[in-house]
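Participant: Let me give you the structure first, and then I'll get to my questions.
The values are calculated or read from the model by the stated rules, or taken from the named source; none is laboratory data. Here the structure is a predicted model, which means the values were calculated and not measured. Here the Cβ is made from the backbone with ideal geometry for all residues, glycine too, and neighbour counts use every protein chain on show. The area values use the complete protein model at the heavy-atom level, side chains included, leaving out ligands, DNA and RNA. Shrake-Rupley method; radii C 1.70, N 1.55, O 1.52, S 1.80 Å.
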Amino acid sequence: DVKVTQSSRYLVKRTGEKVFLECVQDMDHENMFWYRQDPGLGLRLIYFSYDVKMKEKGDIPEGYSVSREKKERFSLILESASTNQTSMYLCASSSSGGGRGETQYFGPGTRLLVL
Amino acid sequence: QKEVEQDPGPLSVPEGAIVSLNCTYSNSAFQYFMWYRQYSRKGPELLMYTYSSGNKEDGRFTAQVDKSSKYISLFIRDSQPSDSATYLCAMNRRAGKSTFGDGTTLTVKP
């Protein structure tokens, strides 16, 4: 059974803190993604990675950075958390190969509250 | 203008109804079309995957793709309360980054 896990389900942080969100997949997928999901705004792509140590900006990268040191792990970093980063954060992975490489497998999400 | 537009909902139907969920898109390069289901406070999970125009059926679910009209639909027959969720359409040019609709929230009332 394929699995994407995220380090926390719920997180409460203070404004200005540095926040780390971790994501691990066990499917040997090349692609990994970080999204945030807000009511009325859908899924918005923050960053994605096609390979180890490789990253590309998504639609809303401001205020975020990422790290991919190992194939199975993709970390999202909020350099200095702000209240407008309160959101649901979703990690996903997909294969680069043929077949169903287009489909993404999502983690359970992390609900982050920044006070 | 968004590349993918999804009927916003919310949608509320009685148990047993047929449900139609719809998305339109503007980029003719999209080749792969997916529907994801997301239960409250959970991550999305893949429900249906289609590559070509036409219909694909899986149990009570039918995914329809009309590339000439740039329109995709998900039909749910004999809807159940357990179908209550948010449904997201998604599409790709190739393996990798997907473009998602904003989602339609469905409630099926017993």
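Participant: Are there trypsin sites (Lys or Arg not before Pro) in region A:1-74 that DSSP puts in a loop and that have at most 14 other Cβ atoms within 10 Å, and which ones?
Facilitator: On the way: sites: A:Lys3, A:Arg9, A:Lys13, A:Arg14, A:Lys18, A:Arg36, A:Arg44, A:Lys53, A:Lys55, A:Lys57, A:Arg68, A:Lys70, A:Lys71, A:Arg73; in loops: A:Lys3, A:Arg9, A:Arg14, A:Lys18, A:Lys53, A:Lys55, A:Lys71.
Filter output for region A:1-74: A:Lys3, A:Arg9, A:Arg14, A:Lys18, A:Lys53.
Participant: Moving to a separate point now. Could you give the size of the charge dipole of chain B about its Cα centre, using +1 on the Cβ of each K and R and -1 on the Cβ of each D and E, expressed in debye and rounded to the nearest 20?
Facilitator: 340 debye
Participant: Pop out a list of residues from region B:41-71 that are at least 10 Å² less accessible with all the protein chains around than in their chain alone; 1.4 Å probe, no ligands or nucleic acids counted.
Facilitator: Listed by number, the residues meeting the 10 Å² cut-off are B:Arg41, B:Lys42, B:Gly43, B:Pro44, B:Leu46, B:Tyr49, B:Lys56.
Participant: Can you tell me what the convex hull of the Cα atoms of region B:56-108 projects to on average, as an area in nm²?
Facilitator: 4.6 nm²
Participant: Which one, B:Phe61, B:Tyr25, B:Ser79, projects farthest toward the positive side of the charge dipole computed for the protein assembly as shown from Cβ point charges (K/R +1, D/E -1)?
Facilitator: Looking along the dipole axis, the top candidate is B:Tyr25.
Participant: Continuing with this model, one more query. Probe of 1.4 angstrom, ligands and nucleic acids ignored: what's the accessible area per residue over region B:1-73, in square angstrom? Please list the in-between numbers first.
Facilitator: Details: 3900 Å² over 73 residues.
Heavy-atom accessible area per residue stands at 53 Å².
Participant: On average over all directions, what projected area in square nanometres does chain B have, based on the convex hull of its Cα atoms?
Facilitator: 6.7 nm²
Participant: Please get the size of the charge dipole for chain A, origin at its Cα centre, with Cβ charges of +1 on Lys and Arg and -1 on Asp and Glu, quoted in debye to the nearest 20.
Facilitator: Once rounded to the nearest 20, the dipole reads 300 debye.
Participant: Tell me, what does the Kirkwood hydrodynamic radius of region A:20-67 come to in angstroms if you use every pair of distinct C-alpha atoms?
Facilitator: Hydrodynamic radius (Kirkwood, Cα only) of region A:20-67 equals 11.6 Å.
Participant: Right, here's the next one. Would you give the gap between the C-alpha center of region B:26-105 and the C-alpha center of region A:58-115, rounded to a whole Å?
Facilitator: 21 Å
Participant: Within straight cross-link reach of B:Lys109, meaning Cα distance under 15 Å, which aspartates and glutamates are found once same-chain residues fewer than 8 apart are removed?
Facilitator: List returned: B:Glu15, B:Asp78, B:Asp83.
Participant: Based on Cα positions only, what radius of gyration and what Dmax would you give for chain A, in angstroms?
Facilitator: Considering chain A through its Cα atoms, Rg and Dmax are 13.5, 44 Å.
Participant: At 1.4 Å probe radius, can you tell me the per residue accessible area of region A:1-100 in Å²?
Facilitator: I get 50 Å² per residue for this part.
Participant: Taking Cα pairs under 8 Å and at least six residues apart, what relative contact order does chain B come out at, in percent? Don't jump to the answer; show the numbers that get you there.
Facilitator: Details: 267 pairs, mean separation 41.2, N = 110.
Taking the mean separation of contacting Cα pairs over the length of chain B, I get 37 percent.
Participant: Separate question: Pick from A:Phe48, A:Phe20, A:Phe33: which residue has the top mean-square fluctuation in a GNM of chain A where Cα pairs under 10 Å get a spring?
Facilitator: A:Phe20
Participant: Now a separate question. Where the only charges are on Cβ atoms (+1 Lys, Arg; -1 Asp, Glu), what is the dipole of the protein assembly as shown about its Cα centre, to the nearest 20 debye? Walk me through the numbers before you get to the answer.
Facilitator: Working: 29 positive and 26 negative charges, 77 e Å.
In debye, rounded to 20, the protein assembly as shown gives about 360.
Participant: Over the protein assembly as shown, what percent of the accessible surface lies on carbon and sulfur atoms, probe 1.4 Å?
Facilitator: Numbers: 5140 of 10660 Å².
Here carbon and sulfur together make up 48 percent of the probe-accessible area.
Participant: For region B:85-103, state which residues have at least 40 Å² less accessible area in the presence of all protein chains than in their chain by itself, taking the probe as 1.4 Å and leaving out ligands, DNA and RNA.
Facilitator: B:Ala95, B:Gly96, B:Lys97, B:Phe100, B:Asp102
Participant: How big is Rg to Rh over the protein assembly as shown, alpha-carbon atoms, Rh as the Kirkwood inverse-mean-distance radius? Present the calculation step by step, with values, prior to reporting the outcome.
Facilitator: Working: Rg = 17.5 Å, Rh = 18.0 Å.
Taking Rh as the inverse mean 1/r over Cα pairs, Rg/Rh reads 0.97.
Participant: Strictly over 25 Å apart at the Cα level, which of A:Lys71/B:Lys2; A:Lys18/A:Lys55; A:Lys3/B:Lys97; A:Lys57/B:Lys56; B:Lys70/B:Lys97; B:Lys42/B:Lys67 would you flag in this model?
Facilitator: A:Lys71/B:Lys2; A:Lys57/B:Lys56; B:Lys42/B:Lys67
Participant: Okay, moving on. Before we go on, tell me the buried accessible area for the B/A pair, both chains summed, 1.4 Å probe, in Å² to the nearest 100.
Facilitator: 1800 Å²
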